[in-house]
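Heads up: the structure comes next, in structure tokens.
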Amino acid sequence: MSTPGSSDDAARVAVRLEEIRSDPAGVNAVITPTPEVAAADLERVLAARARGAPLPLDGMTVVVKDNIDIAGVRGTRGSRWFADRVAGGDATVVTRLRRAGALILGTANMHEFAYGATSNNPHFGPVRNPWDPTRIPGGSSGGSAAAVAASWVTGALGTDTGGSVRCPAALCGVSGLRPTFGVVSNHRVFPIGPIFDTVGPLARSVADVGRLFAAIRGHDPLDPDSVAYAGAPAVPATVVLGGELRVGLPSTWFVEGLDPDVVRAVMEAVETLRWLGASVREIGIPGVDRASEVAKVLVNVEALAIHHQRMEEDPDRFGEDVVRRLRLASDLRGWEVAALYREAKHLRSGLLEPFSEVDVIVTPTVPRPAVPIETAEMISTTFDVTRFTYLWGIAQVPALSVPCGFSSTGLPLGLQVIGPPHADMLLCAIGEAYQKVTDWHLRTPSGASIGLPQRPASSKALDQEI
């Protein structure tokens with residue numbers, strides 16, 4: 001006997017898979033559709049419903065970045081090196097997604113080896129921004145963000161080393177979380193910078209980002225860097241709306257050299273947080289510029305350590321942009337690298353210092369809207385796009401990007417909210433409160449809007465809604 005709604009669920013999955021396969025707009029967000037995996041996942045979801053105990057994600061459709069293993073599925077890591085590789089098992093995050101009731105529809109296209117912010121992949125084709133197919137979606141999790149923005153799926157998993165979840169989330173007009181380092185397992189996730197790497201969720205709404213995070217977080221003995229999540233499972237709306245939230249705004253840092261539309265959108269978002277009851281103060285962040293530079297160099301060092309044998313064996317099998325970036329670290333001497341690791345520990349203390357005075361820090365996610373694919377030179381574009389994201393990897397703190405407006409040319413912009421370690425759910429509570437009174441995340445590239453929220457007359461009314 002069929003479970004009520006089972007035919008509707010199957011039809012919904014079939015429609016989404018057909019959209020992925022046909023890709024009429026040429027977004028190119030998925031490398032390998034996974035209909036067999038989705039069918040098995042749906043059986044699990046329907047069985048749980050039949051028992052009267054629906055799973056937490058209960059049929060949420062997702063794609064998973066192609067450097068995250070799905071058992072029996074081709075996992076290319078976005079590279080010709082692994083074009084025919086089939087994963088021998090599920091990554092821990094995939095196991096947890098499936099147990100929670102997600103339906104995995106495919107592996108998401110990405111920048112080769114997660115080592116760039118354009119997602120112009122020379123082996124599987126460039127990912128295109130659903131808002132303007134001539135522009136980049138950001139990276140390296142460009143396919144994950146683009147699949148959500150194109151409404152192919154509700155959620156996605158990406159990886160974030162220096163901004164690879166947050167930047168494409170901002171440029172594609174969706175929400176994305178870089179979790180606290182270690183609270184989400186990296187087991188069976190191909191690394192790029194192991195001291196920075198995190199798996200993070202993306203979705204249109206922060207509410208769904210929080211649901212995905214809750215499903216994948218937790219200690220994993222198979223990951224040597226894994227730690228138990230020590231934050232609150234949820235944060236009451238009163239923390240956000242009751243005048244208790246202290247927001248730090250590093251204004252002298254984020255206004256220099258930015259697109260004017262970004263400054264406008266971020267300042268309007270800050271005013272919305274004030275309206276919601278937050279107090280906002282200007283802050284300084286010790287060592288902020290140096291932290292960004294050190295993080296970039298250390299990621300280059302870690303990436304070269306991972307790929308040095310492949311570089312010696314056959315550099316021509318890499319995309320040209322990845323080879324050039326890998327070579328940036330080749331001239332560093334051992335003592336210089338050791339000194340950078342020591343300096344990073346010192347800089348981390350400075351980055352954490354403001355959290356003794358404020359609960360969260362806000363900045364733009366990206367300094368400008370998405371740039372054209374044809375002019376996006378990878379190294380310079382990556383360092384520009386990640387200007388506000390890279391340094392938080394040194395601090396090992398969570399950071400959330402939420403849509404906060406559009407440029408004058410109609411391209412999405414993002415607000416980044418950063419918290420101290422294990423404040424992941426506080427960030428989600430702030431993002432949810434913000435999205436209760438804004439509709440940026442509900443707008444789609446097609447021009448449709450997914451149900452506009454009504455702005456309450458007061459924060460008290462909003463508190464009752466949440």
- Query: Can you tell me which residues in the range 160-178 are assigned to a helix (DSSP H, G or I) and not small (Gly, Ala, Ser)?
  - Reply: ARG166, CYS167, PRO168, LEU171, CYS172
- Task: Mind telling me which of the residues GLU343, GLU374, GLU336 ends up being over 21 Å from THR118 (Cα atoms), more than 23 Å from the chain's Cα centre (by Cα) and in contact (Cβ under 8 Å) with a residue 12 or more places away in the chain?
- Result: GLU343
- Message: Condition first: in a helix (DSSP H, G or I), surrounded by 17 or more Cβ atoms within 10 Å (Cβ to Cβ) and in contact with a strand residue (DSSP E or B) (Cβ under 7 Å, 6 or more places away or on another chain). Now tell me which residues in the range 272-325 satisfy that.
- Response: LEU273
- Query: Of all residues in the range 96-120, how many are in contact with a strand residue (DSSP E or B) (Cβ under 8 Å, 6 or more places away or on another chain) and of a type in the set (D, E, K, R)?
  - Reply: 2
- Near pairs, Cβ below 7 angstrom, 6+ apart or cross-chain, from the range 3-32 (more than 19 Å from VAL64 (Cα to Cα)) to any residue that is at pLDDT below 95 and in a helix (DSSP H, G or I): none
- Task: Return a yes/no flag: does the range 424-436 have any residue that is among the acidic types (Asp, Glu), under 23 Å from THR198 (Cα atoms), out of contact with any Pro (no Cβ under 8 Å at 6 or more places or on another chain) and part of a helix (DSSP H, G or I).
- Result: yes
- Item | The one condition in (1) over 20 Å from THR154 (Cβ atoms); (2) in contact (Cβ under 8 Å) with a residue 40 or more places away in the chain; (3) of a type in the set (D, E, K, R) that ARG49 fails to fulfil | (1)
- Task: Sort out which residues of the range 204-259 are hydrophobic (A, V, I, L, M, F, W, C) and without any contact (Cβ under 8 Å) to a residue 60 or more places away in the chain, and write them in order of number.
- Result: VAL227, ALA228, VAL255
- Among the residues of the range 1-18, count how many are open to solvent by 60 Å² or more (accessible area, probe 1.4 Å) and of a type outside the set (Val, Ile, Thr). 8
- Item | Sole residue being of a type in the set (Val, Ile, Thr), open to solvent by less than 40 Å² (accessible area, probe 1.4 Å) and out of contact with any helix residue (DSSP H, G or I) (no Cβ under 9 Å at 6 or more places or on another chain), chosen from THR32, THR76 | THR32
- ALA53: crowded, with 22+ Cβ neighbours inside 10 Å and of a type in the set (Gly, Ala, Ser), yes or no? no
- Within the range 63-104, the residues that are among the β-branched types (Val, Ile, Thr) and within 25 Å of VAL183 (Cβ to Cβ) are VAL63, VAL64, ILE68, ILE70, THR92, VAL93, VAL94, THR95, ILE104
- Task: Mind counting the residues in the range 121-152 that are open to solvent by 10 Å² or more (accessible area, probe 1.4 Å) and either part of a loop (DSSP other than H, G, I, E, B) or among the charged types (D, E, K, R) (or both)?
- Result: 13
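Residue by residue, here is whether (1) open to solvent by less than 40 Å² (accessible area, probe 1.4 Å); (2) over 11 Å from the mean Cα position of the chain (by Cα) holds:
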residue: VAL165; (1), (2): yes, no
residue: ALA169; (1), (2): yes, no
residue: LEU177; (1), (2): yes, no
residue: HIS187; (1), (2): no, yes
residue: PHE196; (1), (2): yes, yes
residue: GLY200; (1), (2): yes, no
residue: ALA214; (1), (2): no, yes
residue: HIS219; (1), (2): no, yes
residue: ASP223; (1), (2): yes, yes
- Per-region count, the range 351-370, residues open to solvent by 10 Å² or more (accessible area, probe 1.4 Å) and over 27 Å from ASN121 (Cβ atoms): 6
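The values are calculated or read from the model by the stated rules, or taken from the named source; none is laboratory data. It should be emphasised that the depicted structure is a prediction, and the values quoted were computed from it without experimental measurement. As a convention, Cβ positions derive from the backbone with ideal geometry for all residues, glycine included, and neighbour counts pool all protein chains shown. Heads up: the accessible areas ignore ligands, DNA and RNA and are worked out on the full protein's heavy atoms, side chains in. Shrake-Rupley method; radii C 1.70, N 1.55, O 1.52, S 1.80 Å.
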